[in-house]
Amino acid sequence: MFISPNSYAAVIPVEPYKQEYNTLATNAYSLHPNPDGYTLEPYKQELNIYATNTYAAPVPAESYRPEYVAVQPRPSAYAPPAFYSAAPVKVPYAMSPALVYVANGHNRHVAGVEADDDNMFAAGAYYAHTHHSSRTPCTNIPPSYSASSLAITIALPPSTFDSPTAAPANPTTLPHIHHCSSCNTAVKRPTPVVKYPTPSVEAEEEEKPSSPENQLHQRPPVPQCTWNKIQVNDPDTWIPVPTYSYSDRPKSPPGPGPIDPDVKRIVSRLTLKEKVGQMTQIEVGQIIDCNGELNRTAVEYWIDEWKVGSFLETPANHNGKYNWYSPKSFGALTDAVQKIALERGSKIPIIWGLDSVRGANYVKGATIFPAGIATAATFNPQFAYDAGRIAAKDTRAAGVHWAFAPILDLAVNKLWSRTYENFGEDPYLASKMGAASINGYQGDYKHDRSRVAACMKHFIGYGYPFDGSDRANRHIAAHELLEYYVPPFKAAIDAGVATAMESYGVVNGEPMVMSYQYLQGLLRKQLGFKGMLVTDWGEINSQATIYKTASNIGQATWATLNRTSVDMSMVAEDTSFAATTLDLVIRGVIPETRIDESVARILQLKKDLGLFESPFADHKLQATVGSAQDIEAARNSARESITLLKNANNVLPLRQSDRVLFVGPTLNSTRYMGGGWNIHWQGPTDAEGDAVYQGFGDTVLQGVQRITGIQPDYFEGVDIDGQPLADIGAIVEAAKEADKIVIGLGEKTYAEIEGNIGNLALPDGQINLVCKLARATAKPIVVVLIQGRPRILNHVVHAAAAIVNAYLPGAYGGLPIAEILYGLVNPSGRLPYSYPATESQASTTIWQSSFSNYDPQWAFGYGLSYSNVTYSNVTLSSYVLRPGAPITATINITNKGPRSQKESVMLFTNQAYRFGMAPDHLRLRAYDKVHLAVGETKQVTLELKAEDLAFWTVDLKRRIEPSSVNIVINPYNQADIFATVQLLADNKWPM
């Protein structure tokens, strides 16, 4: 049949699609364009586009001629994001915006679709559904259409009418009685309203009256968009309390356990759509309107229509009007969403997730801590705990209950843009820091409402991208994965971590999100994780769109649900996961019991966090955000992290009488000390600069002025990309008048893919600035590195008299750096990675095979101080080490001054040989950090177990191999502090 573009239309009501109806439309038709108009053809089975969670018109097929069906766009205030079909159909050219493509019972909105575009479903458009009475039991047919019925349009050729105002001929003479063969009575249907709109734009745009009942489903007036899209500072201000009390870590931290009976009952009462909604996580940008405000209609859409159980992210990253939301403003937004969730949809509270990875870095005024890599450099787990505890408090103050932290990937390839987020390259150090961090975030999270659920991420192997670029394939042998990459996650599970996030991409070519081996066999069965598992951003869909590991989103969703234990999809931006999952279950491809399993874990987490009691922001906690107590905790962490790498001729510390010239782009910047995940995902923009901090932070220059009492002499010299900003001659002349020169080098802010680099060298302009000043002045140069990963320094290593690695010390790192420079704090940080000297050493680690040359610029664990600390030789409690019989190693350390010192004492092992498997160069097995006053001697005792030296073989068995073992103490800070023990064990010893 052919439909002219000027067809008249009849409107009949429809009601929301019911699951009881057939999933596929038995008589659906698709609309095909041609140069003269549109033709209607029966849908093709091979299109495989299913009708799930849309709207249905359960009208008998004989009621009208379906070849005339066309469908109006859904009248909604919010245009939900589209999702792709299992087998996209190409549209020859752009179609009328008033039409919807109907195929296999699901409709496709084709407004403005170009010829080369993939077609997208309009989630929530109408579903033209027809079936014979015998196909649907009478009990499933409502007695009448609901008051909130929607409408579809029956398009009719003009030739079927005697005149534009005459009653239409058959098929618009519709029978209004639905006959049911299994019933004795007929079900009365309302008479359809027939309208004959004038085929003009003006008529189409006319506002049509509607009943109050219908207004819920009609598009409300679109708000006038008056915002210029320039974010501004949140005007909310407050005076934080200087101190506050809190509950410290419990002796036995709780963790996820069995599902409670009441949670099981809730699951049993939920509809399938409500269950799938709980498994769906949507980013906050989907509920922000064109003026940067909360779009309540959008919230209602997601909660009413899709029963969504989780939102994530900050509006500041997704077109919110403020660049940094205060706890009050953030809390008002999350509270508003919670109120809608409790009144509509499933009436289950939302769990909100946020990347509070360094404190509550997305909450205005919250203390932004040093990055994970800097925290690791302290070799003091207390700081990981403090950062987690304070992050939890400030996150909860904003009405958010779930922190996507800590990051437990190993920083193996130093090119990787996420090196700064984690706790370094060593499995043991990362394990200790990670467990402490989880204890900080969670505490007694089942009772303490100032804590949040932590999330160990990214499981697994994410830190060794083959070429150093984010999400690149990881080639990691299975036994190496178990040996090095798994231990931090095992420690997190032992610490009771409530949730986990799978990693982006693929390991050895296998997509993580679809992997039974990793997410079921390893995570659940071998490691015993009982908590809730979430995907990373859009990772299921990415299997089809990025990695090409699935033919389409439907296949990727099926594989994820069928093979793994993923509980929640951070689908983020569309309805694809919910719609596809519903279809898979309805068709029997995925059992509903699989859905129940995940929903039970999600609801148990919500219960554990107290969301069923009160899901709202805690206004009492808001007064503690930005407390002086928290700022001091962050500064203490930075003080112990800063690592002195070189100090020729004791050029440091500076004397206050020294005339010092300060140069470089990082010394007068708060944002460069923060890096990524700092205010915004990518850090503050160039336009925002430091003004976005609104006083919640400092700079190195401000720290120097606070110490010296005078404003420092400063030239920026070059920008962060190395481009000159001033005449080098003027800088040289000023430098000649100085006693010493301090130059701040480093990186711009970045996160994830945006931080990919082709080489590790700092920008040439930064390197040249140091070299030019060194040649022109012959003055002692101190280089301060503010960087997220160890950048190769080339000639700077020789041109500088002193080099200080400050990592990313956070928004309050300026004063600690200044204190290190002027000797108010004795540096005690130690490198948590092997600092490469050349590009070829990007993946060099302390635990690489012993036969490989280990010669980085600076070794793992290296770091200098301003004091002379000496070590006695190591004494062992036994010189034989066997399973079940730990030994101790004791060392006496003395601080000979001239300053008090915090000293990290590290115990490494090296096997002389290991039969059948190359031994590690060195493995960190234990460490402690002690404080020494000038002249003080302390005895440090560290334990070593034979089980520590067990290793994974290529046949994935755990084994201890007898041999002599060297026990080495601080090998790159102290010389010849070692002892040898004989490791005795049956080489078939099981673990």
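Points to keep in mind about this one:
- Computed from the Kirkwood radius of its Cα pairs, the Stokes-Einstein diffusion coefficient for the range 566-626 at 37 °C and 0.692 mPa s stands at 230 µm²/s.
- For the Cα trace of the range 279-398, dividing Rg by the Kirkwood Rh returns an Rg/Rh value of 1.04.
- Here the range 758-907 is assigned +1 on the Cβ of each Lys and Arg and -1 on the Cβ of each Asp and Glu. Its dipole about the Cα centre then comes out at about 220 debye.
- Cut-off under 5 Å, modelled amide H: who pairs with VAL571 long-range: GLN281, GLY538
- For the range 841-892 versus the range 276-352, the gap between their alpha-carbon centres in whole angstrom: 50 Å
- The range 453-491-the range 906-959 distance, computed between alpha-carbon centres (Å): 21 Å
- Comparing ASN650, ALA617, THR593 along the charge dipole axis of the range 566-679, the residue lying farthest to the positive side is ASN650, per the Cβ-charge model.
- Separation of alpha-carbon centers, the range 359-376 and the range 528-582, rounded to whole Å: 30 Å
- In a simple Cβ point-charge model (Lys, Arg +1; Asp, Glu -1; nothing else charged), the range 466-519 has a dipole of about 80 debye relative to its Cα centre.
- Highest mean packing first, where packing is the average number of other Cβ atoms within 10 Å per residue, the peptides 260-269, 804-813 line up as 804-813, 260-269.
- Lys pairs, the range 654-805 - Cα-Cα below 16 angstrom, 8 or more residues apart or on other chains: 4
- Charge-dipole axis of the range 565-683 as Lys and Arg at +1 and Asp and Glu at -1 on Cβ define it, positive-most pick from SER569, GLN604, PRO665: PRO665
- Other-chain or far-sequence residues with amide H under 5 Å of SER963's (modelled H): LEU983
- Potential lengthening of the chain between ASP335 and ASN562 amounts to 78.2 nm, from the contour at 0.36 nm per residue minus the alpha-carbon distance.
- The residues of the range 472-619 have, on average, 29 Å² of accessible surface per residue, using a 1.4 Å probe with all protein chains present.
- Ordering of 693-702, 843-852 by burial proxy (mean other Cβ atoms within 10 Å per residue, highest first): 693-702, 843-852
- Given their separation in residues at 0.36 nm each and the Cα-Cα distance between them, GLN711 and LEU956 gain 82.1 nm when the chain is fully extended.
- Computed label-point distance, nm, for sites GLN526 and VAL797 using a 7 Å Cα→Cβ extension: 3.7 nm
- Highest to lowest packing among 770-778, 950-958, 390-398, scored as the average C-beta count within 10 Å: 390-398, 770-778, 950-958
- Sequence-distant contacts, meaning Cα pairs under 8 Å at least 6 residues apart, place the relative contact order of the range 923-990 at 25 percent.
The values are calculated or read from the model by the stated rules, or taken from the named source; none is laboratory data. Predicted model only: the values in this text are computed from it and were never measured. Reconstructed Cβ throughout: ideal geometry from the backbone, glycine too, with neighbour counts over all protein chains shown. Accessible surface areas use protein heavy atoms only, side chains included; no ligands, DNA or RNA. Shrake-Rupley method; radii C 1.70, N 1.55, O 1.52, S 1.80 Å.
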